[in-house]
1. Please verify whether region 99-122 includes one or more residues that are touching a residue at least 40 places away in the same chain (Cβ under 8 Å) and open to solvent by less than 50 Å² (accessible area, probe 1.4 Å).
2. With the requirement that a residue be more than 11 Å from Y88 (Cα to Cα) and among the polar types (S, T, N, Q), what does region 33-54 give you?
3. Among the candidates I98, I90, which residue alone is assigned to a helix (DSSP H, G or I), of a type in the set (V, I, T) and at pLDDT 95 or above?
4. When you scan region 72-104, how many residues do you find that are over 16 Å from G48 (Cβ atoms) and in contact with a Pro (Cβ under 9 Å, 6 or more places away or on another chain)?
5. Does L82 qualify as being open to solvent by 50 Å² or more (accessible area, probe 1.4 Å), of a type in the set (A, V, I, L, M) and assigned to a helix (DSSP H, G or I)?
6. Answer yes or no as to whether L67 is modelled with pLDDT of 95 or more and under 17 Å from the mean Cα position of the chain (by Cα).
7. Report yes if V13 is open to solvent by 70 Å² or more (accessible area, probe 1.4 Å) and either modelled with pLDDT of 95 or more or touching a His at 6+ places or on another chain (Cβ under 8 Å) (or both), otherwise no.
8. State all residues of region 32-61 that are closer than 16 Å to L78 by Cβ, open to solvent by 40 Å² or more (accessible area, probe 1.4 Å) and not in a loop (DSSP other than H, G, I, E, B); if no residue qualifies, say none.
Amino acid sequence: MGEEKENAQERVVDISLKDLSKKLEEFARVRDWEKYHSPRNLLLAMVGEVGELSEIFQWRGEVDKGLPNWEESEKEHLGEELSDVLLYLIRLSDICGIDLGDAASRKLVKDAIKYPPPPPKVL
């Protein structure tokens with residue numbers, strides 16, 4: 001079994017955006033795909049994956065949290081499509097020179113100011 005296949009089979013419990021970014025960069029580099037990874041191409045590829053993600057929910061109506069009525073194979077497929085969207089988003093942010101973790105943290109701070117919690121209810 002090759003090293004790449006062994007690494008792909010490892011279960012990573014906690015991985016950072018930076019670690020994923022490095023893995024994606026290496027993945028593209030060894031396949032000589034960097035020339036295709038323009039912001040526009042990555043964005044369009046991500047939109048396509050969002051479409052595939054949408055198809056999973058298209059005719060289901062509202063879905064309960066935790067997906068209690070879903071088969072494991074359906075959950076696995078959902079995880080794959082969510083991962084595709086995440087990986088394209090990370091790669092896009094890197095190609096654009098945006099630190100996604102930092103940008104997301106700053107956005108949460110801005111949103112907390114813009115949308116403060118309601119005041120406590122007086123009884």
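The values are calculated or read from the model by the stated rules, or taken from the named source; none is laboratory data. Computed from a prediction, not measured in an experiment: that's the story for all the values here. Note that we place each Cβ from the backbone using ideal geometry, even for glycine, and neighbour counts take in every protein chain shown. Only protein heavy atoms, including side chains, enter the accessible area calculation; ligands, DNA and RNA are left aside. Shrake-Rupley method; radii C 1.70, N 1.55, O 1.52, S 1.80 Å.
1. Restricting attention to region 99-122, the residues satisfying the condition of being touching a residue at least 40 places away in the same chain (Cβ under 8 Å) are 100-101.
Those left that are additionally open to solvent by less than 50 Å² (accessible area, probe 1.4 Å): 100-101.
The answer is yes, given that some residue of region 99-122 is touching a residue at least 40 places away in the same chain (Cβ under 8 Å) and open to solvent by less than 50 Å² (accessible area, probe 1.4 Å).
2. S38, S54
3. I90
4. Residues meeting the conditions: 2.
5. Taking the combined requirement at face value, the residue satisfies it.
6. So L67 does not fit the description; no.
7. Answer is no for this residue.
8. V50, E52, S54, E55, F57
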